[in-house]
Structures are given as structure tokens and as C-alpha cells.
Amino acid sequence: MSVNAWIVVGDQPAIGNLITVARSLGGQVAAVVAGPRAVAETVAAGGVDRVVWCGDPGEAPVEAFAAAVADVVAADPSGPPGVVLSGRRPSERVLLGAVAARLQAAVLTGASAVSADNGDAIVTNSLFGTIAEQTVTVSGPVALVLEGGPVPPAGGGAAPVEEHAATPLGVRVIETRASAVEQVDLGAAARVVGIGRGLKAQEDLAIVEALAKAAGAEIACSRPVAEGLDWLGKERYIGSSGAHISPQLYFAIGISGQLQHMVGVHGAETIVAINTDANAPVFPAADYCLVGDLYAIVPAITDALK
């Protein structure tokens with residue numbers, strides 16, 4: 001038996017993975033959007049059956065539409081959904097929480113996979129920073145936080161955008177300041193170049209940047225590089241308490257491969273590891289293992305890609 005799903009969307013349409021997961025459940029896939037009209041139109045063209053837009057937030061943050069988003073999902077004429085999905089951005093989690101409270105739904109924030117079985121949702125849920133996994137059967141609504149993925153490509157047709165006239169709660173944005181830290185969405189990157197303590201100096205990041213440019217990749221790092229050396233921002237740290245990514249390709253450069261880091265990349269399709277230590281823990285998890293000096297190997301790969 002199939003399971004109907006709702007996707008909760010804020011001001012970013014990067015929900016390609018959520019649409020794929022929702023489609024795999026076999027039921028109707030609907031989305032409720034609390035962001036601008038352009039976001040709703042992008043979602044509508046991405047392969048969902050129904051889109052409900054809560055209206056232009058104007059000066060209000062998308063979180064101010066939390067009650068309206070919950071109203072939309074609860075009023076679904078087909079009945080309560082089996083699964084409600086959102087990405088990991090803070091605003092999306094707020095919206096999902098409001099929906100879960102309205103539906104009295106179970107909430108699982110470590111979900112990595114979900115399937116339908118005789119009307120129930122079978123959820124693979126990660127524990128202890130993905131060091132362990134548990135399989136949970138949920139009868140009734142369940143709210144899941146997953147990686148949103150990239151912006152969905154436009155399909156052959158678009159679902160109509162229904163407008164739900166909603167009044168945001170009495171909150172408005174009075175000032176926006178640009179962050180001094182460059183923002184990056186590693187979860188949406190198809191290719192990621194990760195760097196660890198094998199890099200000797202901060203200025204040597206130039207060779208990593210050259211590789212990332214040639215590969216069309218984002219740059220990430222292990223925790224010591226971000227929090228100990230402060231060479232990169234904390235938003236680029238991958239690990240049990242950092243980002244969890246599932247790119248098509250991940251370069252682990254000068255990274256020993258301790259469990260705390262590798263749990264953050266266990267979903268990568270292909271891992272290329274570069275390390276001088278042939279016994280480094282990273283190699284058993286890698287698809288391609290290059291033993292040698294990163295200062296020689298990385299420029300060689302960059303030249304080949306060029």
C-alpha cells in the first residue's frame with residue numbers, strides 16, 4: 001500500500017532529494033511553500049502533484065507562516081499524510097515542527113531512508129551521529145528531517161500553484177546583515193573536496209582551491225581544520241557534529257579517516273582518498289586509494305582535469 005507525503009518548503013527550493021524520497025512511497029506528493037512565489041513555481045515544475053503557496057512573506061520571516069503551513073497539511077482532503085518531509089535548514093525545521101505538533105506526528109531527525117510497507121512508513125534512522133542505525137516502523141503520521149538535495153530540474157509539466165491566503169504571525173524582519181562567513185550548502189554539492197591536517201600551511205589551500213575549481217566542487221574540511229586551525233569556516237566542517245553529505249564524488253585529501261569524519265560522508269557515491277600513510281583508516285572506506293604526497297598528487301589531478 002502506498003503512502004501519501006507532504007514536503008515542507010521555506011525560502012529555498014533545494015528539495016530534489018525530498019521529491020525523490022516522497023515519490024518512492026508511491027502515493028500523492030504535495031508541497032506547501034512558505035517562501036516567495038518564485039520558490040513555489042520552481043517546486044511546482046519539479047515533479048510534485050500539488051503545490052500550496054502561503055503567500056508572499058514580505059517583511060516576515062518564513063517561520064511566521066508556521067501555523068499556516070500546519071493548517072494546509074492538516075486540511076488535506078485525502079486525509080492525514082503518512083509522511084511529512086523537510087530539509088535541514090533551521091527555518092524548514094521550524095515549519096516541520098509546527099506540522100508535526102498539529103498532526104501529533106512522531107518526529108525523527110536522523111532519518112536516512114524511508115519506504116512504505118502496507119500503509120506504514122519504514123524509516124532508517126541514524127543514531128549517535130550516524131555511528132549506528134535503527135529501523136523504525138511508524139503507523140500514522142511521521143515527520144522526517146532529511147537532506148534537501150539540489151534544486152529539482154524542471155519536468156515536462158508543472159503542477160498548478162494553489163494560493164492559501166495566510167496572515168503571518170506578528171513577526172517582521174527589521175534588519176538584515178551580511179555574514180562575514182561565506183555561506184555554503186555542502187549537502188547540495190555534487191562534488192566535494194575535503195582537506196585535513198595533511199595540509200601543512202593555510203596558504204597551501206591554493207592547490208586545493210585549484211582542484212575544486214577544475215572539478216566543479218565545493219571545498220570542505222575535517223573538524224581540526226575549521227575549529228583548531230581556523231583555516232576554513234565551521235560551515236565547511238564535515239563530521240558527526242558537522243555537515244553530513246552525499247555527493248557523487250568526494251576527495252578526502254590529507255584526512256586520516258577517523259570515524260567522527262567518515263560518518264559525515266558515508267553517503268558519498270565515490271570516495272577518492274589521498275594520504276601518505278598506506279594504513280590510514282580512510283582507505284578501507286575509499287573507492288580509489290592514492291598513497292603519496294598530496295603536494296604532488298593534487299596538482300597532477302588538477303592538470304588532468306583541465
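Bear in mind that the values in this text are calculations on the coordinates, not laboratory data. These figures come from a predicted structure and were not determined experimentally. Reconstructed Cβ throughout: ideal geometry from the backbone, glycine too, with neighbour counts over all protein chains shown.
Can you tell me what share of the DSSP beta bridges in the stretch 3-163 is antiparallel? A percent to the nearest 5 is fine. Within the stretch 3-163, antiparallel bridges account for around 35 percent of the total.
At a Förster distance of 45 Å, what's the computed FRET efficiency of ALA38 paired with GLN258, Cβ-Cβ distance as r, to 0.05? Efficiency, rounded to the nearest 0.05: 0.60.
This model, with +1 at the C-beta of Lys and Arg and -1 at the C-beta of Asp and Glu, gives the stretch 3-163 a dipole about its Cα centre of some 240 debye. Mean projected area of the Cα convex hull of the stretch 186-305, taken over all directions, amounts to 6.2 nm². Approximating the spin labels as points 7 Å out from Cα along Cα→Cβ, the ASP11-to-SER115 distance works out to 3.9 nm. What you get for the chain, charging only the Cβ of Lys and Arg (+1) and of Asp and Glu (-1), is a dipole of about 160 debye around the Cα centre. A crude spin-label estimate for the pair ALA74 and THR20, with each label 7 Å from Cα along the Cβ direction, gives 3.4 nm. Taking each DSSP H run with n ≥ 4 as -39500 (n - 2.57) and averaging over every residue of the chain yields -6500 deg cm²/dmol at 222 nm.
Can you find, among THR135, LEU146, ALA45, the residue farthest towards the positive end of the dipole of the stretch 3-163? Put +1 on the C-beta of Lys and Arg, -1 on that of Asp and Glu. Value computed over the given set: THR135.
Going by alpha carbons, how many degrees (0 to 90, nearest 10) lie between the helix axis of 294-305 and the longest principal axis of the chain? Computed tilt is about 60 degrees. For the stretch 186-305, the dipole from Cβ point charges (+1 on Lys and Arg, -1 on Asp and Glu) about the Cα centre works out to 180 debye, to the nearest 20.
Take the alpha-carbon centre of the stretch 144-213, take the same for the stretch 71-128, and report the distance between them in whole Å. Between the Cα centres of the stretch 144-213 and the stretch 71-128 lies a distance of 22 Å.
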